[in-house]
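I have placed the structure first, in the form of structure tokens, so that the comments after it can refer back to it.
Just so you know, all these numbers are worked out from the coordinates, no wet-lab data involved. Just so it is clear, the model here is predicted, and its values are computed rather than measured. FYI the Cβ positions are ideal-geometry reconstructions off the backbone, even for glycines, and counts take in every protein chain you see.
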Amino acid sequence: MIACRKRYFRLPARHIAHFQFLVEGYDGIATVTTVDSKAAVLMLCIPDGLEGEVDRVLDAIAQEGSIPFREDIEWKEESGEEP
């Protein structure tokens, strides 16, 4: 199994599918999982070594401006998820 880094993001629920489509469209750079649909929290599992690629994709999504999202570095503590 490939090691991955988990990062959490919040965004309006109506944008979850579009965000997932965009990120996973870059084949193999990350998987997107909805970890809390009510709070609209997503987890990106990023394989080691691909963090820079994911950052570039996230920057492009942010610059385009159609999906307001923010990283939520505190979510895992609130939810009891392990780092």
Which of the residues spanning the range 1-35 are over 15 Å from Trp75 (Cβ atoms) and in contact with an Asp or Glu (Cβ under 6 Å, 6 or more places away or on another chain)? Ala3, Ile29
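Take the range 1-14 and flag every residue that is more than 12 Å from the chain's Cα centre (by Cα) and touching a residue at least 24 places away in the same chain (Cβ under 8 Å). Full working, then the answer.
First, pick out the residues of the range 1-14 that are more than 12 Å from the chain's Cα centre (by Cα): 1-4, 12-14.
Matches in the range 1-14: Ile2, Ala3, Cys4, Pro12, Ala13.
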